[in-house]
Amino acid sequence: MTYRSATRPPPREARMKRVHETRAHDEPFTTADGRALALRPILPGDADALRRGFARLTPEQVRLRTFHRQNELTPAAAERLTRIDPDTTTAWVAVDGDDEIRGEARLHVDAVTDTAEFGVAVDPAFTSQGVGRALMRRLLEDARRRDLFEIWGDVLAENHTMLDFMKALGAERRPLADEPGVIRVSLRVRDAVESPAA
């Protein structure tokens with residue numbers, strides 16, 4: 001896999017200033033069926049809402065996201081997931097009027113390769129409403145501001161919804177030889193295209 005070109009990225013301080021400047025305001029978002037949400041960076045006070053959001057995921061959604069069965073998100077894990085290091089992590093949520101989390105997406109940056117691993121999850125009551133697409137757009141915007149080359153994720157081969165979603169964005173895919181049944185999808189950040197609703 002080829003990573004960055006010889007183009008020198010902006011100084012780290014300038015890149016992170018752009019990242020932090022984008023986190024000042026909630027962004028209104030209307031689902032395909034007319035429900036009002038807001039998109040914003042995750043906050044330390046979101047831990048309980050994150051646990052409730054996880055509890056609303058179906059067992060199959062959890063398995064496809066985490067590759068194993070998991071009954072709940074522990075308080076410690078929720079605290080860890082909401083207290084991010086902005087130098088290495090981006091996390092966006094879609095929240096309703098009660099600040100309940102209806103979708104969540106994040107990047108984990110590898111500064112050595114200028115790539116990031118991504119993950120997306122959407123409340124089952126809000127799937128196929130454009131929430132996943134909107135969250136992914138925010139991740140891509142953040143990846144561009146960080147001057148990342150690529151984002152990637154490992155997806156179970158049976159997870160056709162995610163594989164089709166990433167294909168529509170322009171992602172490449174390849175099976176992992178040491179993990180049968182797992183597909184790695186990778187998307188060159190500057191080549192990403194608009195996707196259909198997810």
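The values are calculated or read from the model by the stated rules, or taken from the named source; none is laboratory data. Note that this is a predicted model, so its numbers are computed, not measured. Cβ: placed from backbone, ideal geometry, glycine included. Neighbour counts: every protein chain shown.
Structure above, values below:
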| item | result |
| --- | --- |
| Count - residues of the stretch 26-38 that are within 12 Å of Ala134 (Cβ to Cβ), of a type in the set (A, V, I, L, M, F, W, C) and part of a strand (DSSP E or B) | 3 |
| Residue match in the stretch 159-181 (condition: closer than 30 Å to Arg69 by Cβ and in contact with a Gly (Cβ under 6 Å, 6 or more places away or on another chain)) | no |
| Sole residue being in contact with a strand residue (DSSP E or B) (Cβ under 6 Å, 6 or more places away or on another chain) and more than 22 Å from Phe67 (Cβ to Cβ), chosen from Arg83, Arg188 | Arg188 |
| Condition check for Ala47: of a type in the set (A, V, I, L, M, F, W, C) and out of contact with any helix residue (DSSP H, G or I) (no Cβ under 8 Å at 6 or more places or on another chain) | no |
| Pairs, first free of Cβ contacts under 8 Å to residues at least 40 places away in the same chain in the stretch 152-171, second among the hydroxyl-bearing types (Ser, Thr, Tyr), C-beta under 7 Å, six or more apart | Trp152/Thr115; Trp152/Ser186; Phe165/Ser195; Ala168/Ser195; Leu169/Ser195; Ala171/Ser186 |
| Verdict on Val95 being at pLDDT 95 or above and either more than 11 Å from the chain's Cα centre (by Cα) or within 20 Å of Thr66 (Cβ to Cβ) (or both) | yes |
